[in-house]
Amino acid sequence: MAFLRTSLGHDTGPIVRGRRVVLRTPQMYDYAAWARVRQLSREHLTPWEPTWARDELTRPAFRRRIRHYQREMRDDLGYAFFIFAERDDALLGGLTLSNIRRGVTQAGSIGYWLSADATGHGFMREAVCAIALFAFDRLRLHRLEAACLPHNIASMSVLEASGFTKEGRARRYLKINGEWQDHVLYARLTDDPVPGEGGGT
């Protein structure tokens, strides 16, 4: 994997490359593609996400989202990425590395979403593996954490294929789709074995 920075008039943050995916920080010019993909995938995403705000897909809401991402990145608290197909630059989904804790912890949490059309092709596994290398090699984190609903088999498969280990279950951990729901907890450490190439969900 290659990690590099790029500038479009100013520093736009890190770019992380996998074999078939490119992850970069969201920009305002991504709004139209993001809103279209999210709207088309709404039914697919609703069971796995917090309830959408009434103005979820509006340009002002997207602008607030971008400003939040920029503050988080500036303060080394979190890094947000959109996932694009390397072959044609199509927006596939998003991935956040959030809740970064320094000091004696050196940990962060990942969350992700994928468009309905992009599922089942191994894109998310590539993105998660690439971001893990970025987190460990560039950000010098010791631990990555993730949580998913117990019935989200696809997400559990992604994490396990990406080198994450199941560590337990948290009761009523996050409010998803309007309800407090249990989550299965996963983690990957910097010295855990690196998964082999190929396969995945």
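Can you go through 172, 188, 138, 143 and tell me which one is without any contact (Cβ under 8 Å) to a residue 24 or more places away in the chain, touching a strand residue (DSSP E or B) at 6+ places or on another chain (Cβ under 8 Å), farther than 14 Å from residue 83 by Cβ and not polar (S, T, N, Q)?
Going through 172, 188, 138, 143 in turn, just one is without any contact (Cβ under 8 Å) to a residue 24 or more places away in the chain, touching a strand residue (DSSP E or B) at 6+ places or on another chain (Cβ under 8 Å), farther than 14 Å from residue 83 by Cβ and not polar (S, T, N, Q): 172.
Residues of region 38-59 being surrounded by 13 or more Cβ atoms within 10 Å (Cβ to Cβ) and either part of a loop (DSSP other than H, G, I, E, B) or on the phi > 0 side of the Ramachandran plot (or both), which ones?
Within region 38-59, 41, 49, 52, 56, 57, 58 meet the criteria.
So which residues in region 19-57 are more than 25 Å from residue 176 (Cα to Cα) and of a type outside the set (A, V, I, L, M, F, W, C)?
Passing the criteria: 19, 20, 24, 27, 29, 30.
Would you mind stating whether residue 164 is buried (at least 17 other Cβ atoms within 10 Å of the Cβ) and either touching a residue at least 40 places away in the same chain (Cβ under 8 Å) or over 15 Å from the mean Cα position of the chain (by Cα) (or both)?
Against the criterion (buried (at least 17 other Cβ atoms within 10 Å of the Cβ) and either touching a residue at least 40 places away in the same chain (Cβ under 8 Å) or over 15 Å from the mean Cα position of the chain (by Cα) (or both)), residue 164 does not qualify.
Of all residues being among the aromatic types (Phe, Trp, Tyr) and surrounded by fewer than 22 Cβ atoms within 10 Å (Cβ to Cβ) in region 88-130, which is nearest to residue 160 (Cα to Cα)? Just the residue, please.
This residue is 112.
Name every residue in region 67-78 that is assigned to a helix (DSSP H, G or I) and either surrounded by 17 or more Cβ atoms within 10 Å (Cβ to Cβ) or among the polar types (S, T, N, Q) (or both), in order of residue number.
Across region 67-78, the qualifying residues are 69, 70, 72, 73.
Each value in this text was obtained by applying a stated rule to the coordinates, not by laboratory testing. Predicted model only: the values in this text are computed from it and were never measured. Note: ideal-geometry Cβ built from the backbone for every residue, glycine included; neighbour counts use all protein chains shown.
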